[in-house]
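Only one structure is covered here, and it is reproduced in the block below.
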Amino acid sequence: MSLDDGLLRLLSDNLPLGEAIYTLGSQRPNWIIRIAPEGIHVETERSRGRGVDPERVPAEMLTKAWERLTARRVLTYKELVATDDLNVKRSSFVCAALAHLPGVVVTSTRPITLSYER
């Protein structure tokens, strides 16, 4: 699966390449190295410390989370990890990334809850 053009453009326009975005709950940095149709390539403190390549957060995970958020207008971290049809890995990063998009508001960090107000 690839990011559709609209979501790819939103992510590319609103996420800072080379800069850290922080997870909403624990405030851990994630550096965005590349945004591509196949997903977002991310470094963490751990991956930097180990000297390994950035990890790709697959397009499918970002797409599922975005579609759920825009359809239902609310999305929780728990929903991302516990719902069978979502089962998103790297959900803390996914929530942090979505929080940078226009219309997305962080309504709570404990538990992490996003709302979409467009």
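Name every residue in segment 81-115 that is at pLDDT below 90 and hydrophobic (A, V, I, L, M, F, W, C), in order of residue number. Outline the logic, then answer.
So the first thing to find is which residues in segment 81-115 are at pLDDT below 90, and the list is 81-90.
Residues satisfying the conditions are VAL81, ALA82, LEU86, VAL88.
Residues checked against (1) surrounded by 14 or more Cβ atoms within 10 Å (Cβ to Cβ); (2) touching a residue at least 24 places away in the same chain (Cβ under 8 Å); (3) not hydroxyl-bearing (Ser, Thr, Tyr):
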{"residue": "THR70", "(1), (2), (3)": "yes, yes, no"}
{"residue": "LEU75", "(1), (2), (3)": "yes, yes, yes"}
{"residue": "LYS78", "(1), (2), (3)": "no, yes, yes"}
{"residue": "LEU114", "(1), (2), (3)": "yes, yes, yes"}
Anything in segment 15-63 that is outside any helix (DSSP H, G or I), among the β-branched types (Val, Ile, Thr), touching a residue at least 24 places away in the same chain (Cβ under 8 Å) and over 12 Å from PHE93 (Cα atoms)? List them, or say none. ILE35
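Considering only segment 1-55, state which residues are of a type in the set (Ser, Thr, Tyr) and either surrounded by 15 or more Cβ atoms within 10 Å (Cβ to Cβ) or farther than 21 Å from ILE112 by Cβ (or both).
SER2, SER12, THR23, THR44, SER47
Among ALA65, ALA59, which is the only one that is touching a Gly at 6+ places or on another chain (Cβ under 6 Å) and either buried (at least 16 other Cβ atoms within 10 Å of the Cβ) or of a type in the set (Phe, Trp, Tyr) (or both)? It would help to see each step written out before you state the result.
Details: ALA65 fails: touching a Gly at 6+ places or on another chain (Cβ under 6 Å).
Exactly one of ALA65, ALA59 is touching a Gly at 6+ places or on another chain (Cβ under 6 Å) and either buried (at least 16 other Cβ atoms within 10 Å of the Cβ) or of a type in the set (Phe, Trp, Tyr) (or both), namely ALA59.
The values are calculated or read from the model by the stated rules, or taken from the named source; none is laboratory data. Values in this document were obtained by computation on a predicted structure and should not be read as measured data. Quick reminder, even Gly has a Cβ in these numbers, built from the backbone with ideal geometry, and neighbours come from all protein chains shown.
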